[in-house]
Amino acid sequence: MSNPKTVFDYLNYREYLKNALPVKGPDRGARAKLAGALNCQGAFISLVLGGSSHFSLEHAAKISRFLNHDTEERDYFLLLVHLARAGSKDLETYYREKIQGIQIRRREIKERVDTTTQLSEADQLTYYSSWHFTAIHMCLMVPHLQDKSAIAAALKLPQSRVSSVLNFLLKTGLAKLSGNRYVCGPTRIHLPADSPLVTKHHSNWRLQALQSMDSFHPSSLHYSSVMSLSQEAIEKIRTILLQAIETSEPIIKEAKEETVCVLAMDLFEIALSNPRQS
């Protein structure tokens, strides 16, 4: 579901749900679907959102799953429900302080992100831990792939996973919200050639290349050849491939963002011609 704000922008769970479950637009049937998920009447949903009743904590957990919240979103949403249901001033103060603490921490992270920020080493470890992060990050450059449901459908990933990755991208400044869309943020990634994460990055996408071979998509190109060559021939082929990459760069920069694809290229020796003497 497209949403111009995240759950963290709210102090009232009803207001959040009214926005997350609109009665108009492409998501207008969401409240009926939620009623089905909660095994209750649609009238009860309207009663709660109108302020005449509350969802139980059990309802809240199911709603969080229905909305594909990640762990952080779920915890915050449950705090909002706890706050609304608090039966004493002391309990209300307790939950409000926990909510404010989360908002302060998130605001501090946001304020530290600017146009000169680079991803920290710790965040790089997360970013390169799975192909999901790079793929979702690149989807944000494609106009029709700038919301959770579109990304989930395109990459065949659960919306809860997409939500978790998007929250990481928002937290690190690799993404930002623009209206109801997620777009690329100001934080930059610089991975030195000697970084141990380079190997992980390559292996992530080589594994995806293997899966791509099984899909037989007509736009895909997979080529493997094992041959015996001279060192001179290897260097000539290496030069040709590097030139192809350089020639592709301006094409990539000028291309309209319509889809996300992967370019992977390998040339390596498997039997050294002059092995070292032991």
Name the one entry in L38, L21 that is under 20 Å from N180 (Cβ atoms) and not aromatic (F, W, Y). L21
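Does Q41 fit the bill of being surrounded by 11 or more Cβ atoms within 10 Å (Cβ to Cβ) and either in contact (Cβ under 8 Å) with a residue 40 or more places away in the chain or over 23 Å from K148 (Cβ atoms) (or both)?
Details: surrounded by 11 or more Cβ atoms within 10 Å (Cβ to Cβ): no; either in contact (Cβ under 8 Å) with a residue 40 or more places away in the chain or over 23 Å from K148 (Cβ atoms) (or both): yes.
So Q41 fails the test.
Has region 51-68 got at least one residue that is assigned to a loop (DSSP other than H, G, I, E, B) and among the aliphatic types (A, V, I, L, M)?
Scanning region 51-68 turns up at least one residue that is assigned to a loop (DSSP other than H, G, I, E, B) and among the aliphatic types (A, V, I, L, M).
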Under 7 Å between Cβ atoms, which residue pairs at least 6 apart in sequence (or on different chains) link something in region 110-139 that is within 18 Å of L177 (Cβ to Cβ) with a partner that is at pLDDT below 85? V113/P186; V113/T187; D114/P186; T115/P186; T117/P186; T117/T187
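Considering D27, D9, D70, D90, which residue is free of Cβ contacts under 8 Å to residues at least 12 places away in the same chain and under 22 Å from the mean Cα position of the chain (by Cα)?
On inspection, the qualifying residue turns out to be D9.
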Please give the number of the condition S163 fails out of (1) in a helix (DSSP H, G or I); (2) within 27 Å of E254 (Cα to Cα); (3) in contact (Cβ under 8 Å) with a residue 40 or more places away in the chain. (2)
Only residues that are in contact with a helix residue (DSSP H, G or I) (Cβ under 6 Å, 6 or more places away or on another chain) and either part of a strand (DSSP E or B) or on the phi > 0 side of the Ramachandran plot (or both): list them for region 166-181, please. A175
Expected single match for modelled with pLDDT of 85 or more and farther than 26 Å from Q118 by Cα among L221, L210, L157 is L157
Could you pull out the residue among K98, K18, K62 that is surrounded by 13 or more Cβ atoms within 10 Å (Cβ to Cβ) and within 21 Å of R161 (Cα to Cα)? K62
Among L17, L78, which is the only one that is aliphatic (A, V, I, L, M), within 24 Å of the chain's Cα centre (by Cα), in a helix (DSSP H, G or I) and under 28 Å from H144 (Cβ atoms)? L17
If you take the residues of region 169-195 that are within 13 Å of the chain's Cα centre (by Cα) and β-branched (V, I, T), which of them is surrounded by the most Cβ atoms within 10 Å (Cβ to Cβ)? T172
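For (1) among the acidic types (D, E); (2) in contact with a Ser or Thr (Cβ under 9 Å, 6 or more places away or on another chain); (3) more than 23 Å from T134 (Cα to Cα); (4) surrounded by 10 or more Cβ atoms within 10 Å (Cβ to Cβ), each residue gets a yes or a no:
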site	(1), (2), (3), (4)
S203	no, no, no, yes
D214	yes, no, no, no
L221	no, no, no, no
E232	yes, no, yes, no
I245	no, no, no, yes
Can you report the number of residues in region 124-151 which are closer than 16 Å to F168 by Cα and part of a helix (DSSP H, G or I)? 15
Is it true that E257 is charged (D, E, K, R) and either under 29 Å from A122 (Cα atoms) or within 21 Å of the chain's Cα centre (by Cα) (or both)? yes
Quick one: which residue in D27, D9 is among the charged types (D, E, K, R), closer than 16 Å to E73 by Cβ and surrounded by 14 or more Cβ atoms within 10 Å (Cβ to Cβ)? D9
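The values are calculated or read from the model by the stated rules, or taken from the named source; none is laboratory data. Source: prediction; values computed, not measured. Methodologically, a virtual Cβ is constructed for each residue, glycine included, from the backbone with ideal geometry; neighbour enumeration extends over all protein chains shown.
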